[in-house]
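Have a look at the structure below before the remarks.
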């Protein structure tokens, strides 16, 4: 199924972009610099499930894990899930753990992820 | 010319999915005439190889990072892929997969556009302020 394998060129471009972005988010604190704000937050005043991700990335790059959780509760679990899915999809995990891959691609699992995101969205605007 | 392992439809050599049924075309059957007996069993034997991509991680990333309502439909379509696929509706599963992909691309594109527009805006404002500072110092 597409894309079964990333080409070396694509992987290289992705890694270079990640390093540049990582450098930017390591050196500058989104708290007191001109970083793009969340459009949803600007328009409605409510927080979206992604609000605080930039500050959380900055904290995480400085290894302030608890601070990262405070800015955005979802960032670290989402990163772990995304790394796992990338391993499964592109680095042979699909063949090694077919049951796990099938489960994580399942309708139930994906709807649970959606439910968690929506619950977090609602909860962070109430509490 | 190669033949679809699911329905036997002839497809061009570069095709990865059958134009008729949407199944992934197994590379092993290239150039051979399809045999209906193996064609029907192959689909049930290796379900993991044929199920369309769900684009789950891409959908989650655009929902969290791009901060846009376009990420939510991408996750909903991603979720439908497996359900349609287990029902045997490979067509619908492939369509859901394509929709998930398109919503991911749309979310990513609009997120990037906003990001770039904001950076240009900040640079422009910075330029105007610097211009005024330059004027007042004269």
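Ranking A:99, A:94, A:108 by Cβ neighbours within 10 Å, fewest first, what do you get?
Arranged by neighbour count, lowest to highest, A:99, A:94, A:108 become A:99, A:108, A:94.
How crowded by other chains is B:51-63, given as the mean number of beta carbons from other chains within 10 Å of each beta carbon?
6
Using only the alpha-carbon atoms, how far is helix A:75-90 inclined from the longest principal axis of chain A? Give it as 0 to 90 degrees, nearest 10.
Tilt relative to chain A: about 20 degrees.
Once you have a ≥ b ≥ c as the square roots of the Cα gyration tensor eigenvalues for the stretch A:8-126, tell me rounded if a/c is under 1.5, and otherwise prolate or oblate according to whether a/b is larger than b/c.
Here the stretch A:8-126 falls in the oblate category.
Taking neighbour counts of Cβ atoms within 10 Å as a proxy for exposure, in what order, fewest first, do B:110, A:112, A:89 appear?
A:112, B:110, A:89
Helix A:8-27 sits at what angle to the longest principal axis of chain A, using alpha carbons and giving 0 to 90 degrees rounded to 10?
Roughly 20 degrees, rounded to the nearest 10.
So what is the 222 nm mean residue ellipticity for chain A from helices alone, if each DSSP H run of at least 4 adds -39500 (n - 2.57) and you divide by all residues, rounding to the nearest 500 deg cm²/dmol?
-21500 deg cm²/dmol
Provide a whole-number value for the mean count of partner chain Cβ atoms within 10 Å of the Cβ atoms in peptide A:89-96.
Going residue by residue through A:89-96 and averaging, the value is 1.
Between residue A:84 and residue B:109, with labels modelled 7 Å along Cα→Cβ, what's the label distance in nm to one decimal, could you check?
Reported label-point gap for residue A:84 and residue B:109 is 3.2 nm.
How much FRET efficiency would the formula 1/(1 + (r/R0)^6) give for residue A:66 and residue A:125, where r is the Cβ-Cβ distance and R0 is 25 Å, rounded to 0.05?
Efficiency, rounded to the nearest 0.05: 0.70.
Let a ≥ b ≥ c be the square roots of the eigenvalues of the Cα gyration tensor of the stretch B:51-138; is it rounded (a/c under 1.5), or, if not, prolate (a/b larger than b/c) or oblate?
Verdict is prolate for the stretch B:51-138.
Kindly rank A:23-31, A:68-76 from highest to lowest mean number of other beta carbons found within 10 Å of each residue.
So the order, starting with the most tightly packed, is A:68-76, A:23-31.
Using only atoms on other chains, find how many Cβ atoms lie within 10 Å of each Cβ of peptide B:73-84 and report the average.
Across the residues of B:73-84, the mean count of other-chain Cβ atoms within 10 Å is 4.
Give me the one-decimal nm value for the distance between modelled label points at residue B:86 and residue B:129, 7 Å along each residue's Cα-to-Cβ direction.
Output for this residue pair reads 5.5 nm.
Within 10 Å of each residue's Cβ, count the other Cβ atoms and sort A:43, A:84 from fewest upward.
Ascending Cβ contact count within 10 Å gives the list A:43, A:84.
No lab work stands behind these numbers, since they all come straight from the coordinates. Everything numeric here is computed off the predicted structure, so don't read it as measured data. Because the Cβ atoms are built from the backbone with ideal geometry, glycine has one as well, and the counts that use them run over all protein chains shown.
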